[in-house]
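The values are calculated or read from the model by the stated rules, or taken from the named source; none is laboratory data. Since the model is a prediction, treat every value here as computed from it, not as a measurement. With ideal geometry, Cβ positions are generated from the backbone for all residues, glycine too; neighbour counts draw on all protein chains shown. Side chains are part of the model used for accessible areas, which takes the heavy atoms of the whole protein and leaves out ligands, DNA and RNA. Shrake-Rupley method; radii C 1.70, N 1.55, O 1.52, S 1.80 Å.
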Amino acid sequence: MIAKELLEPRSIVVCGASSNVQKPGGKVLKNLIDSGFKGQIYAVNPKESEVQGIKCFASVEELPQVDCAILAIAAKFCPATVETLTTQKGTKGFICVSAGFSEENAEGAALEKRMVDAINAVGGSLIGPNCTGFLNTNYCGAFDAPIPSLDPKGVDFITGSGATAVFIKEYGISNGLKFNSVWAVGNCAQLGIEDVLEHLDNTFDPEKSSHVIMLYMEKVSNPMKLLKHSRSLINKGCRIAAIKSGGSAAGSRAASSHTGALATNDAAVDALFRKAGIVRCQNRQELTTVCSIFMHPEVKGKNMAVITHAGGPAVMLTDVLSNGGMDVPHIEGPKAQELLSKLFGGSSVGNPIDFLATGTAEQLGYIIDACENDFDNIDCMAVIFGSPGLFPNYEVYKVLDEKMKTCKKPIFPILPSIINVKDEIADFINNKGRINFPEECVFGNALCKVYNTPKPQPENVEQPAIDVARIRKTIDRCKSGYLEISDYNELLDAAGISRKISVEVDKKEDALAFAKKVGVSKDMPLVMKVVGPLHKSDVGGVTLGVKDLDTVAKEFDRLIVIPETYAVEMYPMLDGTDVYIGAIKDETFGHQIFFGLGGIFIEVLKDVQTALVPITAAEAKDMLKNLRGYKILEGVRGQEAVNLDLYAEQVARVSALVQAAPEIVEMDLNPLLGNPRYVTAVDARIRIEK
């Protein structure tokens, strides 16, 4: 619970207040005064008696009772100041814009902890330290600029970087995006991004609360908390977009399996956001554009009408939408011809609907009405209308505004002439309260991301039935490290994961006995591979298509002497497309499941999907469609298709297995051979840590 004294204070003190508005202590006081805060404002500065017209106290000991404190003083003075305020002045709300804490060194971390301990002791709340502050409709407790004009239906913006917040606000404000609150949480010493989301979730009011949340994160401290409250908020009608930075390959972990090499922090974030229903963005422009789309009615389908008076931007937007999974469907028929008759000669209504550079406001109205009422294959509209500078666009933008008020289908204004008609665009944004998308391709890519982001996965899902007791018995008797073949086969069988039937032999006579038992022949060839070396193919440790006893004996003699080999594995040769399933346990995110094309292709293509457990077969099957190599799974050039239902079920069974055995830290099923009849694991590695 965030203290009411932080959110709705009756009185605020600025510690370190200054008359110099180029200093944080001066600027935060000015912003507080300018924000129209209705309560009492105090200032503390031992060198001043009055600051910006506010009476100034020499120390916090001299203050009356005060709800909220904004600290703009040296880090070394903050703990004692907080202790005085909490114990003597009843203060429970704190915003610490000061730096020099845990972000700097151990000494700073100790100061930070002391400050947090004092605030926790009274049930208070802290934003910061090392932040730009906090802003809501009650007051501005931030020292940065610009300070947006607040709107209860605007965006709730939570950021781990104050400087980045400045740039995001600047871009958003300039295009008409409105804000309801800005939480720059800094070091997250007490309140982090997940805690603010929890507050927004717990206090959500469908009539009064903002329905759009914007996040900028440099770390995910509590993935399950983020998942819980994001999912809850989205299910209540909110929409969330986020940047999670710091996910490049430089952050990848070294590991001894294919799955370990794939399991970057960034892959986990992708999986988390997908499960939560968060639209992941890669830059500030994309983030503000997605949130601007969220401020419009939700797009219910993928079919867009591109309405334009300029051919080039319409073509580029059409390309982006088509490449991103949306559609710009052809428009034809009597209603289309009727619309064409109302436009100037040379116009086109096939979609894009181009009504030429000479198109009028009246014609734009005709087009929008037709898309709204006459064309059932249209779900939403993008209107591209700039100006070569020949005449003003006030009438066009007036019609656009009026149609946006009455049409049920969403309309997105793309007004690119930010110089030629800057006054008209300013009127559209400031007086009509609209948002402009100045670049059509940025808008198109953002809309496709919104369209392609799935709804949150249910919190409770049904997993396949597995033999948990058998799994626990096997795990409990095994030691940490990679499991022996017999042990991991036991786990696979208990989880119902299809695997090849094999033996592990260390004597030639045993190899020959198995070959005779299964009837080795050209119709029943065997596979022989070394047991021991990590990458078997790299050491020449795999022989395929063994068709007679002489070859069995010869290959056993060759394989058993390969360094690190202590046995030879043998099994009937299967056929099909190489696919893959892997799992890895992350200390922060828990278990992740990876699946996609397998064999050597996993190293080259890395064409995999990632999900956090639990994952259902239905979810896995849907995610398979996102693979670049999906057509291979469907079967190409005479190659048999992979049974996707069986494949997806195997993914779900791996998910159930790692839930039953959280000691599994790495697991590879690579490859599984898939065809219409079976999807069977032919090689596996499982590592556990007790």
Discussion item. Can you tell me which of (1) part of a loop (DSSP other than H, G, I, E, B); (2) more than 16 Å from VAL299 (Cα to Cα) is the one LYS409 doesn't meet?
Written reply: (2)
Discussion item. I need every pair where a residue in region 608-624 that is in contact (Cβ under 8 Å) with a residue 24 or more places away in the chain has its Cβ under 7 Å from the Cβ of a residue that is β-branched (Val, Ile, Thr) and part of a strand (DSSP E or B), sequence separation at least 6 or different chains.
Written reply: ALA611/ILE593; VAL613/ILE593; ILE615/ILE593
Worksheet entry | region 19-40, subset open to solvent by 30 Å² or more (accessible area, probe 1.4 Å) and part of a helix (DSSP H, G or I), residue farthest from TYR139 (Cα to Cα) | PRO24
Worksheet item: So which residues in region 367-413 are open to solvent by less than 50 Å² (accessible area, probe 1.4 Å) and among the polar types (S, T, N, Q), if there are any at all?
Response: SER387, ASN393
Item to complete: With respect to ALA80, determine if the residue is open to solvent by 20 Å² or more (accessible area, probe 1.4 Å), closer than 21 Å to GLU218 by Cβ and hydrophobic (A, V, I, L, M, F, W, C).
Response: no
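Conditions tested, residue by residue: (1) within 30 Å of HIS229 (Cβ to Cβ); (2) assigned to a helix (DSSP H, G or I).
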residue	(1), (2)
TYR42	no, no
GLU61	no, yes
PHE94	yes, no
GLU107	no, yes
Worksheet item: Can we say LEU126 is touching a Phe, Trp or Tyr at 6+ places or on another chain (Cβ under 9 Å) and open to solvent by 10 Å² or more (accessible area, probe 1.4 Å)?
Response: no
Discussion item. For the structure I just gave you, tell me whether GLU207 is in a loop (DSSP other than H, G, I, E, B), of a type in the set (D, E, K, R) and either in contact with a Pro (Cβ under 6 Å, 6 or more places away or on another chain) or surrounded by fewer than 20 Cβ atoms within 10 Å (Cβ to Cβ) (or both).
Written reply: yes
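What residue, of GLY176, GLY162, GLY133, is touching a residue at least 40 places away in the same chain (Cβ under 8 Å), open to solvent by less than 50 Å² (accessible area, probe 1.4 Å) and within 22 Å of SER98 (Cβ to Cβ)?
Numbers: GLY176 fails: within 22 Å of SER98 (Cβ to Cβ); GLY162 fails: touching a residue at least 40 places away in the same chain (Cβ under 8 Å).
Result of the check over GLY176, GLY162, GLY133: GLY133.
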Fill in: Selection status of GLY496, farther than 29 Å from VAL568 by Cβ, at pLDDT 95 or above and of a type in the set (Gly, Ala, Ser)
no
Item to complete: Might you let me know whether region 267-274 holds any residue that is at pLDDT 95 or above, among the basic types (Lys, Arg), under 30 Å from ASP668 (Cβ atoms) and assigned to a helix (DSSP H, G or I)?
Response: yes
Item to complete: Go through region 493-551 and count every residue that is assigned to a loop (DSSP other than H, G, I, E, B) and either under 28 Å from GLY481 (Cβ atoms) or open to solvent by 30 Å² or more (accessible area, probe 1.4 Å) (or both).
Response: 23
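Okay, residues lined up against (1) farther than 30 Å from LEU272 by Cα; (2) of a type in the set (Ser, Thr, Tyr); (3) out of contact with any Ser or Thr (no Cβ under 6 Å at 6 or more places or on another chain); (4) surrounded by 15 or more Cβ atoms within 10 Å (Cβ to Cβ):
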| site | (1), (2), (3), (4) |
| --- | --- |
| LEU415 | yes, no, yes, yes |
| ASN420 | yes, no, no, yes |
| ASN430 | yes, no, yes, no |
| PHE437 | no, no, yes, yes |
| CYS441 | no, no, yes, no |
| LEU447 | no, no, yes, yes |
| THR453 | no, yes, yes, yes |
Discussion item. Looking only at region 301-323, count every residue that is more than 21 Å from VAL396 (Cβ to Cβ) and open to solvent by less than 20 Å² (accessible area, probe 1.4 Å) and tell me the total.
Written reply: 2
Fill in: Given (1) within 22 Å of CYS407 (Cα to Cα); (2) not charged (D, E, K, R); (3) not in a loop (DSSP other than H, G, I, E, B), number of the condition SER322 does not satisfy
(1)
Discussion item. So, in region 329-376, how many residues would count as being at positive phi, in contact (Cβ under 8 Å) with a residue 24 or more places away in the chain and more than 36 Å from the chain's Cα centre (by Cα)?
Written reply: 1
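Looking only at region 1-18, filter to residues that are of a type in the set (A, V, I, L, M), closer than 26 Å to PHE204 by Cα and in contact with a Cys (Cβ under 7 Å, 6 or more places away or on another chain); which one of those is surrounded by the fewest Cβ atoms within 10 Å (Cβ to Cβ)? Before the answer, list the steps.
The initial filter retains those residues of region 1-18 that are of a type in the set (A, V, I, L, M), namely 1-3, 6-7, 12-14, 17.
Remaining after also requiring closer than 26 Å to PHE204 by Cα: 1-3, 6-7, 12.
The next check asks that each one be in contact with a Cys (Cβ under 7 Å, 6 or more places away or on another chain); those that pass are 6, 12.
Numbers: LEU6: 25, ILE12: 27.
The residue in question is LEU6.
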Worksheet item: Any idea how many residues of region 386-441 are among the aromatic types (Phe, Trp, Tyr) and under 16 Å from MET295 (Cβ atoms)?
Response: 3
Response to the item:
Flagged in region 481-492 as farther than 19 Å from ILE466 by Cβ and open to solvent by 70 Å² or more (accessible area, probe 1.4 Å), in numbering order, are TYR482, GLU484
Worksheet item: How about region 575-585: which of its residues are surrounded by 18 or more Cβ atoms within 10 Å (Cβ to Cβ) and either acidic (Asp, Glu) or not in a strand (DSSP E or B) (or both)?
Response: GLY576, ASP578
Worksheet item: Given the structure, is TYR171 among the aromatic types (Phe, Trp, Tyr) and open to solvent by 50 Å² or more (accessible area, probe 1.4 Å)?
Response: yes
